[in-house]
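The values are calculated or read from the model by the stated rules, or taken from the named source; none is laboratory data. This structure is a prediction, so every number in the text was calculated from the model and none was measured. Virtual Cβ from ideal backbone geometry, glycine too; neighbours counted across all protein chains shown. Areas reflect the complete protein model, heavy atoms only, side chains present, ligands, DNA and RNA absent. Shrake-Rupley method; radii C 1.70, N 1.55, O 1.52, S 1.80 Å.
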Amino acid sequence: MTDASYSFTHAITRRPGKSVTQGLRAEDTGTPDLTRMLEHHAAYVTCLKDTGATVIELDPLEDFPDATFVEDTALCLPGCAILMRPGAPSRLGEVDHMAEPLEHLYGEVHRITGPGFIEGGDILTTSREILVGRSARTDAAGVDALRSIVERHGYTLREVQTPQGVLHFKTDCSLLDAETILATQRLDASGCFSGYRVLHTARGEEAAANTIRFNDLVLMPAGFPRTAQMLRDAGYDLREIGNSECARLDGGMSCLSLRFSPPS
Ligand code: CIR
């Protein structure tokens, strides 16, 4: 069965450049190794392509160290695309570079113009609603600005809370199918997934929560064997991708792509 919340014809990615070593991070766990990151990135893109999707691979933007985390710059829905307004000042300028590729595919695109801030990592789109977590990067005005756009396109937006100290809402959760969410216990405990089937990451494997369902595949970061086995047992077709270098910059599977089906 296909569902627009995880069935996509297209993805956009951006290869990391040399400046990625200067990317934002909450904690210093060592400089990311660019060569290894590029290997991981290539494996990620290959998986997306393996599902039959068209992957638009953008060149690095050396002036923007975090630009490989394209998810934060836009929200792409079946009927419209909306450019975000990142709450991290060093990332604001990335958005202009996403305008052209999206305009090419969608025609017109919307844009969050401020005063609020909102990043794509705080947005989880399910088959019934758009969940947006308030966070250090996404504020009330940003959520309201997005709501006024998506409601005009017939979507329901529900504001929720990203846990304290967690970068983005989707750092702690992912959509697995129309009914099912993978989440950390700490996020599920907030009650924000009431009405969904929720699978929990194994204790100590919270960093596995940022996966993506992309067509028939679930892409998850390598190194979380108990969560991986649980997902296999639940029937998902899993691909484990190295994420050691992006993890040093608080990045994971969802951040590395925009996933969508543009109007045909
Ligand atoms: C940042 O702090 O903005 C980047 N170093 C990581 C962004 C991760 N993006 C995401 O989870 N959607």
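Please state the relative contact order of the chain as a whole percent: Cα pairs under 8 Å, 6+ residues apart?
Values: 546 pairs, mean separation 64.5, N = 264.
RCO, the chain: 24 percent.
Report, in deg cm²/dmol and to the nearest 500, the calculated mean residue ellipticity at 222 nm for the chain, where each DSSP H run with n ≥ 4 adds -39500 (n - 2.57) and the sum is divided by the residue count.
Details: 6 runs with 60 residues, N = 264.
About -6500 deg cm²/dmol.
Can you find, among T31, G235, P86, the residue farthest towards the positive end of the dipole of region 10-260? Put +1 on the C-beta of Lys and Arg, -1 on that of Asp and Glu.
It is G235.
Would you pull out the residues with amide H under 5 Å of C173's amide H, same chain only if 5 or more places away, H placed 1.01 Å from N?
none
Just the number, please: percent antiparallel of the DSSP beta bridges in the chain, rounded to the nearest 5. Can you show the working numbers first?
Values: 16 of 37 bridges.
Taking every DSSP beta bridge with both residues in the chain, the antiparallel ones total about 45 percent.
Please list, in chain and number order, the residues 5+ apart from R158 or on another chain whose amide H is under 5 Å from its amide H, with Hs placed from the backbone.
Here I130, L131, V132 satisfy the definition.
Show me, for region 116-122, the HN-Hα J-couplings you get by feeding each phi into the Karplus relation (A = 6.51, B = -1.76, C = 1.60, θ = phi - 60°), rounded to Hz, glycine and proline as x.
x, 10, 7, 10, x, x, 8
With the Cα gyration tensor of the chain giving a ≥ b ≥ c as the square roots of its eigenvalues, does the rule (a/c under 1.5 for rounded; else a/b larger than b/c for prolate; else oblate) give rounded, prolate or oblate? Before the final figure, lay out the partial values.
Details: a/c = 1.22, a/b = 1.05, b/c = 1.16.
Cα axes put the chain in the rounded bin.
Quick check on region 1-105: what does the Kirkwood estimate of hydrodynamic radius come out to from the alpha carbon pairs, in Å?
Details: mean 1/r = 0.0668 Å⁻¹.
Computed over region 1-105, the radius equals 15.0 Å.
For region 126-217, what is the percent of antiparallel DSSP beta bridges, rounded to the nearest 5?
On the way: 4 of 13 bridges.
The answer is about 30 percent antiparallel.
Determine ³J(HN,Hα), in whole Hz, for all residues of region 248-254 in sequence, where each value follows from phi through the Karplus function 6.51 cos²θ - 1.76 cosθ + 1.60 and θ = phi - 60°; x replaces Gly and Pro.
Once rounded to whole Hz, the list reads 5, 10, 6, x, x, 5, 6.
List the residues of region 147-164 whose backbone N lies under 17 Å from a point placed 7 Å from the Cα of A189 along the Cα-to-Cβ direction.
Once the point is set 7 Å along Cα→Cβ of A189, 161-164 turn out to lie under 17 Å by backbone N, inside region 147-164.
Would you please name the GluC sites (Glu not before Pro) within region 23-79 that are DSSP coil residues with at most 10 other C-beta atoms within 10 Å of their C-beta? Don't jump to the answer; show the numbers that get you there.
Values: sites: E27, E39, E57, E62, E71; in loops: E27, E62.
When the GluC sites (Glu not before Pro) of region 23-79 are filtered for loop state and at most 10 Cβ neighbours within 10 Å, E27 remain.
Determine ³J(HN,Hα), in whole Hz, for all residues of region 151-156 in sequence, where each value follows from phi through the Karplus function 6.51 cos²θ - 1.76 cosθ + 1.60 and θ = phi - 60°; x replaces Gly and Pro.
Each residue's phi maps through the Karplus curve to give 5, 5, 9, x, 9, 9 Hz.
Compute the Cα gyration tensor for region 64-217, then decide on rounded, prolate or oblate, letting a ≥ b ≥ c be the square roots of its eigenvalues: rounded whenever a/c is under 1.5, prolate when a/b is larger than b/c in the other cases, and oblate in all that remain. List each step's numbers first, then the result.
Numbers: a/c = 1.61, a/b = 1.44, b/c = 1.12.
Prolate.
Please give the per residue accessible area of the chain, computed with a probe of 1.4 Å over protein heavy atoms only, in Å². Can you show the working numbers first?
Working: 11140 Å² over 264 residues.
Value for the chain: 42 Å² per residue.
Give me the number: length gained by fully extending D96 to E159, i.e. 0.36 nm times residue separation minus the C-alpha to C-alpha distance, one decimal in nm.
20.1 nm
So for the pair T9, R203, with labels modelled 7 Å out along Cα→Cβ, what separation do we get in nm?
Here the answer is 4.7 nm between the modelled labels.
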